[in-house]
Amino acid sequence: MDTIGWGVLGPGRIARSFASDLLAVPEGRLVATGSRDEQRAADFAAEFGGRSHGSYEALVADPEVDVVYVATPHVLHDEHTRLALAAGKAVLCEKPMTLDAASTTALFAEAADRGLFLMEAMWMACHPTIRTLLRLLASGDYGSPRQVHAAIGFVVPGATDGGEQSGRLLDPALGGGALLDMGIYPLTFAHLVLGEPERLTAVANLSALGIDLDVSVAGLYPGGATAALTATLTSHPSVTATVATESGWFDLPSRFYTPQRLRWTSYAEPAGSSEWIEPDEPVIGLGYGNEIQEAHRCLRAGALTSTLVPPGQTISLMGQMDTILEEIGVSYRR
Ligand SMILES: NC(=O)c1ccc[n+]([C@@H]2O[C@H](COP(=O)([O-])OP(=O)(O)OC[C@H]3O[C@@H](n4cnc5c(N)ncnc54)[C@H](OP(=O)(O)O)[C@@H]3O)[C@@H](O)[C@H]2O)c1
């Protein structure tokens with residue numbers, strides 16, 4: 001593999017950001033785009049490079065494609081990841097990988113059986129500023145993390161104004177809802193900082209169609225650490241996070257899952273002194289470039305899974321969301 005050939009499956013909104021960052025990673029290139037619509041694929045290819053295919057089947061059959069980026073709505077991730085694996089392709093699949101832990105576990109087993117790489121596109125875990133935070137916490141120099149707060153969301157048109165509740169984020173048939181689309185970030189953030197939760201409990205405001213418009217999660221983690229995590233489709237929160245230790249706190253400014261830098265405020269004397277800390281490595285593009293780089297590192301090493309976004313983490317997060325969805329009364333089973 002000289003250059004790694006990427007195939008985009010589902011050229012929607014996030015695929016545009018991904019393809020734009022791919023241009024900034026020299027060892028990879030977009031070789032093909034597959035859409036349900038020939039013209040959409042051709043337009044995407046004209047903008048970002050490579051060939052176009054008028055079906056996902058043709059995309060995964062393209063011999064130049066080494067790795068498929070699955071960027072369709074959540075409900076289709078399982079089907080489209082299986083399609084790519086069956087064609088012998090490695091896969092980077094958008095978050096959430098599926099709609100529950102059981103199917104995510106089965107997907108990883110399928111990839112392992114076929115000897116193919118599979119990774120959830122949880123770019124936050126590959127982000128240099130987040131990795132710098134985790135390194136600083138692991139050093140012990142800042143105390144141990146005791147409490148995490150994180151908020152995410154934005155106003156989705158139609159969520160509150162009484163208008164038609166349509167579009168991917170509000171449509172149960174497409175896996176809509178605040179938790180699966182956005183809540184996965186604060187939950188993953190708490191998991192990265194505090195580890196495996198011992199208990200999660202949640203409340204939510206549901207739409208007329210039965211998906212969560214607003215959700216608040218409280219978590220208990222090892223050693224008595226706790227987290228307060230929120231996601232909303234009806235308001236504009238700060239999209240910031242804090243991590244409090246016995247010695248002070250880290251602020252992750254907006255947007256906390258892709259911060260340019262972080263701030264440490266020490267509670268020791270002189271009380272309240274703050275310093276901004278830059279990431280250890282450069283952020284590539286919007287930050288998707290670092291996720292692409294991680295996939296490349298794994299592919300070149302012949303690894304079937306990522307150490308920055310390991311299957312255990314992806315499966316745990318899906319299990320955490322299973323628990324929360326059950327508690328708040330949201331079900332995607334048809
Ligand atoms: N990592 C991130 O920062 C990030 C940000 C946003 C979203 N995401 C994830 O990425 C996935 C896609 O989100 P998005 O916002 O890019 O969605 P989007 O703009 O709606 O694009 C999804 C694409 O999937 C294809 N598709 C196939 N079947 C479809 C169907 N039945 N309905 C709608 N689209 C269908 C469409 O492409 P064709 O019809 O052309 O094939 C469409 O352009 C989601 O799982 C989401 O969680 C990740």
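The values are calculated or read from the model by the stated rules, or taken from the named source; none is laboratory data. For clarity, every value in this text was computed on a predicted model and none was experimentally measured. Heads up, the Cβs are rebuilt from the backbone with ideal geometry, glycines too, and the neighbour counts pull from every protein chain shown. Only protein heavy atoms, including side chains, enter the accessible area calculation; ligands, DNA and RNA are left aside. Shrake-Rupley method; radii C 1.70, N 1.55, O 1.52, S 1.80 Å.
Any residue at all in segment 24-31 that is at negative phi, charged (D, E, K, R) and in contact with a helix residue (DSSP H, G or I) (Cβ under 9 Å, 6 or more places away or on another chain)?
Yes; the residues of segment 24-31 include at least one that is at negative phi, charged (D, E, K, R) and in contact with a helix residue (DSSP H, G or I) (Cβ under 9 Å, 6 or more places away or on another chain).
Can you tell me which residue within segment 8-23, out of those that are open to solvent by less than 10 Å² (accessible area, probe 1.4 Å) and in contact with a Ser or Thr (Cβ under 7 Å, 6 or more places away or on another chain), is farthest from the ligand (Cβ to nearest atom)?
The selected residue is VAL8.
If you take the residues of segment 127-173 that are modelled with pLDDT under 95 and in contact with a Pro (Cβ under 8 Å, 6 or more places away or on another chain), which of them is nearest to the ligand (Cβ to nearest atom)?
In this case the residue turns out to be ARG168.
Please work out which one of (1) in contact (Cβ under 8 Å) with a residue 24 or more places away in the chain; (2) more than 16 Å from the ligand (Cβ to nearest atom); (3) in the same structural domain as GLY176 (by TED's automatic domain parsing) is the condition PHE108 fails and give its number.
Only one criterion in (1) in contact (Cβ under 8 Å) with a residue 24 or more places away in the chain; (2) more than 16 Å from the ligand (Cβ to nearest atom); (3) in the same structural domain as GLY176 (by TED's automatic domain parsing) is unmet by PHE108, namely (3).
Report whether or not THR98 is more than 8 Å from the ligand (Cβ to nearest atom), open to solvent by 50 Å² or more (accessible area, probe 1.4 Å) and closer than 17 Å to VAL309 by Cβ.
Criteria not met by THR98.
Any residue in segment 302-328 that's not assigned by TED's automatic domain parsing to the domain that holds VAL67: show its pairings with residues that are part of a loop (DSSP other than H, G, I, E, B) and not charged (D, E, K, R) at Cβ separation under 6 Å, as long as the two are six or more apart or on different chains.
LEU304/PHE117; VAL309/MET122; PRO311/THR305; THR314/MET97
Does segment 247-296 hold any residues that are of a type in the set (Gly, Ala, Ser), surrounded by 18 or more Cβ atoms within 10 Å (Cβ to Cβ) and assigned to a strand (DSSP E or B), and which are they?
The answer is GLY248, and nothing else.
This table checks each residue for (1) open to solvent by 20 Å² or more (accessible area, probe 1.4 Å); (2) outside the structural domain of LEU213 (by TED's automatic domain parsing); (3) within 15 Å of ASP251 (Cβ to Cβ).
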| position | (1), (2), (3) |
| --- | --- |
| THR132 | no, no, yes |
| LEU136 | no, no, yes |
| ASP141 | yes, no, no |
| SER144 | yes, no, no |
| GLN147 | yes, no, yes |
| ALA150 | no, no, yes |
| PHE154 | yes, no, no |
| ALA159 | no, no, no |
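Specify which of the listed residues (ALA208, ALA225) is more than 20 Å from the chain's Cα centre (by Cα) and open to solvent by 60 Å² or more (accessible area, probe 1.4 Å).
After applying the criteria, what remains is ALA208.
Among the residues that make up segment 101-114, is at least one of them β-branched (Val, Ile, Thr), open to solvent by 30 Å² or more (accessible area, probe 1.4 Å) and in contact with a helix residue (DSSP H, G or I) (Cβ under 7 Å, 6 or more places away or on another chain)?
Checked against the condition, which is being β-branched (Val, Ile, Thr), open to solvent by 30 Å² or more (accessible area, probe 1.4 Å) and in contact with a helix residue (DSSP H, G or I) (Cβ under 7 Å, 6 or more places away or on another chain), segment 101-114 yields at least one hit.
Is there a residue being within 13 Å of the ligand (Cβ to nearest atom) and within 21 Å of ALA90 (Cβ to Cβ) anywhere in segment 37-44?
yes
Taking ARG29 as the residue in question, decide whether it is outside the structural domain of THR258 (by TED's automatic domain parsing), open to solvent by 30 Å² or more (accessible area, probe 1.4 Å) and touching a Leu at 6+ places or on another chain (Cβ under 8 Å).
yes
Pull up segment 297-334, narrow it to residues that are touching an Asp or Glu at 6+ places or on another chain (Cβ under 7 Å) and in a loop (DSSP other than H, G, I, E, B), then point me to the one that is nearest to ILE211 (Cα to Cα).
The selected residue is VAL330.
Taking the criterion of being part of a helix (DSSP H, G or I) and within 16 Å of the ligand (Cβ to nearest atom), would at least one residue in segment 67-74 satisfy it?
yes
Could you list, in sequence order, all residues of segment 173-188 that are surrounded by 15 or more Cβ atoms within 10 Å (Cβ to Cβ), hydrophobic (A, V, I, L, M, F, W, C) and more than 17 Å from ILE315 (Cβ to Cβ)?
Correct list: LEU174, ALA178, MET182.
Identify, from the list ALA301, ALA218, the residue that is out of contact with any strand residue (DSSP E or B) (no Cβ under 7 Å at 6 or more places or on another chain) and among the small types (Gly, Ala, Ser).
After applying the criteria, what remains is ALA301.
Which of (1) part of a loop (DSSP other than H, G, I, E, B); (2) touching a residue at least 60 places away in the same chain (Cβ under 8 Å) is the odd one out, the single condition ALA244 does not satisfy?
Result: ALA244 passes all but (1).
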